[in-house]
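The values are calculated or read from the model by the stated rules, or taken from the named source; none is laboratory data. From a predicted model like this one, the values you see are computed outputs, not experimental measurements. As a convention, Cβ positions derive from the backbone with ideal geometry for all residues, glycine included, and neighbour counts pool all protein chains shown. Heads up: the accessible areas ignore ligands, DNA and RNA and are worked out on the full protein's heavy atoms, side chains in. Shrake-Rupley method; radii C 1.70, N 1.55, O 1.52, S 1.80 Å.
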Amino acid sequence: MTFRKNVFMIRNYLLTAWRNLQKNTFNATINVIGLSVAFTCCILLFLMVRYEFSYDSFQRNGPQLYKAYNVSHAAHGDERSESMSYPVAPAIKKEVAGVVKSTNFMSAGGGIRYKGKEVYNRITLVDPDFFSMFTFAIVAGNTTTPLGGVNDVVVAQSTATALFGQEDPIGKPVEIKVSGQWTAVKVSAVIQDAPENSTLQYRILARTEINPNYAETKDNWNYNHHPVFVQLAASATMPAAEKDLRQMVRRHGVVDEAQMKSEGYRKDANGDFSTIRLESLTDLHFDEELGGRNSINKNYLYTLVLIAIVVMVIACFNFINLNVARSFTRAREVGIRKTIGAGRRQIYFQLWAESLLLFIAATGIAVFAASMLLQPFNQLFTEKLTLNGLLAPGVLVCAFGATVLVSFLAGGYPAWLVSRFNTVEVLKGKVSVKRSGLLRNGLITFQFILASALISGTLVIYRQFEHLRTASLGYEQESVISIPIRNGENAQRYAEVMRMKLASQPQVLAVTASSVNIGIGEDKTQSQHGIGFSYKGQGIGTTTVGVDYDYLKVLGMKLIAGRDFSRDYATDTSSAVTNVVVTESMARQFGIKDLKEAVGLSFYPDSAKPRWTIIGVIPDFHLGSMNDRLGPTTLLLNRHAGLDYLFVKVRTTNPVAAMRLVQGTFRGLEPDNTINASYLNENTARWYEKEQRLSSIFFTSAFIAILLCCLGLFAIVSLVTEQRRKEIGVRKVLGASIPSITGLLSKDFIRLVVIAFLVSTPIAWYFLERWLENFIYRVDASWWIFGLAGVLTLVIALLTVSIQTVRAAVANPVKSLRSE
């Protein structure tokens with residue numbers, strides 16, 4: 001009986017709540033719109049954060065898997081690198097206690113062909129332990145020892161489909177192009193494609209020993225070029241393993257302490273200039289230095305969570321203010337309900353039921369809106385969110401639970417306030433909630449503190465992004481086209497053919513080739529190569545770039561001293577000496593003050609190879625993004641080694657036509673190359689995708705926050721004008737002008753916005769300064785940015801207030817005084 005009574009009571013609450021909402025359509029619509037916008041924003045940000053934290057969660061051995069990395073203690077801070085030499089993986093497994101498995105994970109070019117059909121997919125070289133360490137299922141073929149033989153190869157499902165179609169690939173003889181050389185192998189297994197939320201990605205897997213340079217360098221500890229992963233026993237600990245790693249590094253004499261000391265490196269607490277450490281796979285996705293292109297800083301995700309909370313808080317404050325404003329219109333209704341016997345608790349739950357209905361409606365609209373926005377959201381932020389993730393039972397349960405909880409928190413105060421109205425005063429029309437004015441003003445002030453801080457953050461982040469994107473990198477970008485080459489061994493021939501075919505085209509100015517792309521091209525890869533050596537007791541380090549003729553011409557670089565590579569000098573292609581062009585910082589490492597003295601300087605970076613002779617010096621330029629420190633670079637003329645990219649300088653009066661011309665000409669050289677060409681400014685823009693995403697999110701969040709704040713402010717203005725309706729009428733009768741009344745009603749709200757600005761400025765400045773410290777090349781958080789944020793906030797608030805205050809000021813005073 002009690003259960004049926006409770007059900008009937010709840011049904012009655014909801015039915016009455018629905019009827020009351022129908023009577024107040026305008027207020028209900030404003031509430032639902034504000035809540036829906038906030039909920040949609042929160043759902044999308046929640047899904048995004050949830051997806052990022054799901055990286056590598058499917059790995060069964062995840063807690064025991066680690067990536068090895070080198071750490072060196074430079075004067076300006078620690079330097080970390082994932083590049084390891086061939087001996088590292090077997091040595092760690094043999095010499096470090098607790099390590100049960102290890103594998104290389106080396107990118108080695110790409111390409112696989114079968115019966116004349118060629119598919120370009122990246123090749124990754126691993127060791128047999130790879131398949132038992134990581135949870136990537138073998139779906140066909142040898143499931144126990146997929147790479148049991150050196151000439152075995154494992155292909156991903158997508159690669160198998162592209163190359164073999166419906167034919168069974170197991171046991172088929174194929175050729176793979178490893179480091180530029182075609183090698184005959186046999187397909188031993190097909191492995192599932194790596195999930196999108198996997199740090200490790202692959203298409204073709206082969207043995208490390210198949211690399212052409214393996215036999216020559218397999219015992220060389222100083223030739224670093226690939227990452228290494230290890231698996232610890234369940235009982236082993238990372239600190240104990242790292243202690244053994246330090247001993248291993250010392251035992252094999254990997255570190256040249258004299259050279260590192262001469263380069264300004266320092267020892268750590270253990271007395272090491274450099275050593276090998278481990279990073280857990282579960283943390284790797286959140287390490288932007290070691291985790292690859294898809295890695296993301298946890299602080300970035302926490303910022304998204306904070307933004308979602310800020311938007312939700314503003315929406316809830318807005319809801320409270322709107323309902324407090326509407327409480328006056330319902331005062332008589334509450335008084336009558338109390339007169340006929342309704343208790344305070346009944347009135348409270350009745351009003352909360354209305355809030356719950358609004359929140360449920362807003363949640364439903366938000367889920368629908370989020371599903372509609374998933375595709376554009378993924379395109380904007382390069383996420384892989386799906387509708388299944390949005391409609392997962394766990395997500396829906398959390399959404400419903402959050403709806404009930406937030407509706408209770410946000411709707412509870414207005415319901416409690418209204419339920420406390422004095423019945424006699426209500427029926428006499430003397431009800432007042434002035435005692436709650438401090439809380440309401442506090443809510444509005446807090447809303448605008450958050451909004452003003454978001455506006456300041458948006459402006460600073462945008463300026464920093466623009467600084468990174470537009471800063472001079474030391475070369476021309478807009479007029480240079482980058483073309484990834486599939487057959488790098490033909491790069492010089494391709495360059496000569498392109499020069500000959502395009503010589504008569506006025507749109508094309510010069511052609512060259514390079515071993516390193518600038519920015520991130522359409523092939524989505526980026527790599528750099530470096531070398532270190534000692535010269536007269538001084539440590540020298542430099543990034544090396546293999547180039548063809550006209551490299552400086554194509555990129556618009558000017559010589560400071562000496563000359564460029566030239567066909568007129570036979571020594572430029574001599575096998576007895578290697579002529580090089582170096583950047584200014586590279587030349588300075590030799591202790592040279594006058595850069596002209598660097599020209600002609602000869603030295604041996606490797607005693608087993610020809611000496612290098614400097615023939616020219618150019619200004620420093622950014623081979624990496626502005627997030628990386630500018631470093632010394634050396635250009636080498638590679639006339640016999642493979643190069644990976646063609647650079648074509650064009651006139652940009654018609655960039656589309658120039659691209660079409662260059663792309664069409666190159667298609668004749670590599671018709672099977674499906675990777676598109678791109679302008680260098682497009683490549684360099686990809687360096688800053690994360691900053692652009694953060695800027696977009698802040699801009700959107702600031703817009704939503706301002707929109708919700710305006711709704712909340714509109715509610716407060718409505719409340720005050722309703723309270724002072726008779727006062728306004730009296731003032732108008734006594735001759736007050738519309739501007740004076742508008743100013744009278746507006747000044748209190750403008751004061752709140754000014755207070756919010758003064759409070760938010762130091763808070764925003766502090767956190768933005770901390771954020772800017774993460775950048776090597778940064779803008780300043782100038783005072784005018786916060787001033788502009790304050791002005792924008794004030795103008796927006798003033799416009800919102802004016803809409804309601806002007807309406808109150810021009811209203812007919814007869815209507816407001818009629819009851820007197």
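General observations
- Cβ-Cβ contacts under 6 Å between residues 6 or more apart (or on different chains), taken from a first residue in the stretch 650-661 that is over 13 Å from Ala503 (Cα atoms) and touching a residue at least 60 places away in the same chain (Cβ under 8 Å) to a second residue that is open to solvent by 70 Å² or more (accessible area, probe 1.4 Å) and of a type outside the set (S, T, N, Q), are listed as Thr652/Glu478.
- Selected residue [of a type in the set (Val, Ile, Thr), in contact (Cβ under 8 Å) with a residue 40 or more places away in the chain and within 27 Å of Val119 (Cα to Cα)] from Thr161, Thr143: Thr143
- Residue match in the stretch 764-773 (condition: in contact with a helix residue (DSSP H, G or I) (Cβ under 6 Å, 6 or more places away or on another chain) and at pLDDT 75 or above): yes
- Number of residues in the stretch 189-219 that are in contact (Cβ under 8 Å) with a residue 60 or more places away in the chain, open to solvent by less than 60 Å² (accessible area, probe 1.4 Å) and in a loop (DSSP other than H, G, I, E, B) equals 7.
- Checking Val150 against (1) open to solvent by 10 Å² or more (accessible area, probe 1.4 Å); (2) part of a strand (DSSP E or B); (3) closer than 15 Å to Arg207 by Cα; (4) in contact (Cβ under 8 Å) with a residue 40 or more places away in the chain, the condition it does not meet: (2)
- Test: residue in the stretch 235-247 that is open to solvent by less than 70 Å² (accessible area, probe 1.4 Å) and acidic (Asp, Glu): yes
- Filter pass, Phe590 being of a type in the set (Phe, Trp, Tyr), modelled with pLDDT under 90, in a loop (DSSP other than H, G, I, E, B) and surrounded by 14 or more Cβ atoms within 10 Å (Cβ to Cβ): yes
- Cβ pairs under 7 Å, 6+ apart, first in the stretch 43-66 and assigned to a strand (DSSP E or B), second polar (S, T, N, Q) and modelled with pLDDT of 90 or more: Leu65/Gln59; Leu65/Gln231; Tyr66/Ser280
- Residue match in the stretch 265-281 (condition: out of contact with any Asp or Glu (no Cβ under 8 Å at 6 or more places or on another chain), open to solvent by 30 Å² or more (accessible area, probe 1.4 Å) and assigned to a helix (DSSP H, G or I)): no
- Counting only helices (runs of 4 or more DSSP H) that sit completely within the stretch 651-767, those holding 2 or more residues that are within 30 Å of Leu44 (Cβ to Cβ) and open to solvent by less than 40 Å² (accessible area, probe 1.4 Å) correspond to 680-685, 689-723.
- So Glu118, is it open to solvent by 10 Å² or more (accessible area, probe 1.4 Å), among the charged types (D, E, K, R), closer than 28 Å to Asn676 by Cβ and in contact with a Phe, Trp or Tyr (Cβ under 8 Å, 6 or more places away or on another chain): no
- You will find that of Glu489, Glu476, the residue that is more than 24 Å from the chain's Cα centre (by Cα) and part of a helix (DSSP H, G or I) is Glu489 and no other.
- One residue stands out in the stretch 220-233 among those that are modelled with pLDDT of 90 or more and over 29 Å from the mean Cα position of the chain (by Cα): the one that is surrounded by the fewest Cβ atoms within 10 Å (Cβ to Cβ), namely Ala233.
- Qualifying positions in the stretch 493-517 - in contact with a His (Cβ under 9 Å, 6 or more places away or on another chain) and either small (Gly, Ala, Ser) or surrounded by 20 or more Cβ atoms within 10 Å (Cβ to Cβ) (or both): Ser515
- Selection of the stretch 553-588 for residues being within 33 Å of the chain's Cα centre (by Cα) and hydrophobic (A, V, I, L, M, F, W, C) yields Val554, Leu555, Met557, Met586.
- Yes/no for Phe8 being over 23 Å from Ser295 (Cβ atoms), of a type in the set (Phe, Trp, Tyr), in a helix (DSSP H, G or I) and at pLDDT 80 or above: no
- From the list Ile776, Ile785, the lone residue that is touching a residue at least 24 places away in the same chain (Cβ under 8 Å), open to solvent by 40 Å² or more (accessible area, probe 1.4 Å) and of a type outside the set (D, E, K, R) is Ile776.
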